[in-house]
1. I need the Kirkwood Rh of region 184-254: take the reciprocal of the average 1/r across all distinct C-alpha pairs and report it in angstrom.
2. Suppose every K and R has +1 on its Cβ and every D and E has -1 on its Cβ; what is the size of the dipole of the chain about the Cα centre, in Debye to the nearest 20?
3. Can you give the FRET efficiency for LYS152 and CYS186, using 1/(1 + (r/R0)^6), R0 = 35 Å, r = Cβ-Cβ distance, to the nearest 0.05?
4. Note down the nm distance, to one decimal, between modelled labels 7 Å out along Cα→Cβ at VAL277 and at PHE67.
5. In Å², and per residue, what accessible area does the chain have when probed at 1.4 Å with the other protein chains present?
6. The chain: D in µm²/s via Stokes-Einstein (Kirkwood Rh, Cα pairs, 25 °C, 0.890 mPa s)?
7. Nothing charged except the Cβ atoms of Lys and Arg (+1) and of Asp and Glu (-1): what's the magnitude of the dipole of region 105-155 about its Cα centre? Round to the nearest 20 debye.
8. Per 0.36 nm of contour for each residue apart, how much would the distance between ASP122 and ARG76 grow if the chain were fully extended, relative to their Cα-Cα spacing?
Amino acid sequence: MRKFGNAVVKHRVLILVLALLLLIPSVLGMAATRINYDMLDYLPGDMETVQGQNILLEDFGKGAFSFVIVEGMPDRDVAALREQIAQVDHVESVLWYDSILDLSVPKEMLPDEIYSIFNAGDATMMAVFFDTATSADETMEAVTQIRELAGKQCFVSGLSAMVTDLRDLSEREEATYVALAVACACLVMVLLLDSWLAPFVFLASMGMTILMNLGSNYFLGEISYITKALAAVLQLAVTMDYSIFLWHSYQEQKERFDGDKNRAMAHAISNTITSVVSSSITTVAGFIALCFMSFTLGKDLGIVMAKGVVFGVIG
């Protein structure tokens, strides 16, 4: 272990340059990794929800559905809007009043139970059926296009619309919460460590390893949006103590070697590597255990976090 510590200190510049170069493919890999927002992909296949959607898709050619509520719009304009929505990619059909009767027929002639399905006050409702799954990328893109067509007088509801909102919210707010986690971690370390510079060095190192971890997800093909949202914060939390552990050991060794920073760091690495690796193996084993959950999101999150711990130890 002593030779390892000396080698790290001796080649520290080369290691830093190599780490910086690895950030390039990491960023490219992160950008190219598909984010899956379809939660049904992660549910066990024997669940009734999953089986029901498969039957709708395979036997009836219909997957997701949404409701479009239109307020204060003339029937002719609603009919024109229905035609526009029907032309959106992956919209299989749109059901409204004119799907049953021509607009020349007064709505009052409809039986009350049918009239009340489509109308309430000055609002009317269309049912939109898609040929893709509830949370599929194509469905969410179709919902986004429908909202653009509908304008402010219309409201799109249903599970697919909720998933689309969740995707937009996740992408919009994720950076904010990661920044808050970094700020809180930095504040704690500035207050508790005996150096104001060390926290920023630690966070820069951990930030690089987080990027490498997220970039390596390219080889998984895709990850869930939940894993994407949690990975950075969880990796920061579970690996920050490794850096603090090394810092305290370095401070002790620096006193021992009368301020010789290189020898102190070499001995600190040698003294802490065994404890850090042992702790990380336990953590990795815990995350890998998630891979055996019936809720298969655990496989996604477990692999990504296990990689994150490994990258954190190396960093």
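The values are calculated or read from the model by the stated rules, or taken from the named source; none is laboratory data. All values derive from a computational prediction rather than experimental measurement. Cβ: placed from backbone, ideal geometry, glycine included. Neighbour counts: every protein chain shown. Accessible surface is based on the protein model in full, side chains and every heavy atom, while ligands, DNA and RNA are left aside. Shrake-Rupley method; radii C 1.70, N 1.55, O 1.52, S 1.80 Å.
1. That comes to 13.5 Å for region 184-254.
2. The calculation lands at about 2640 debye.
3. Numbers: r = 42 Å, r/R0 = 1.20.
Plugging the Cβ-Cβ distance into 1/(1 + (r/R0)^6) gives 0.25.
4. Between VAL277 and PHE67, the simple spin-label model gives 6.1 nm.
5. 55
6. Details: Rh = 23.5 Å.
Estimated diffusion coefficient is 104 µm²/s.
7. 180
8. 15.2 nm
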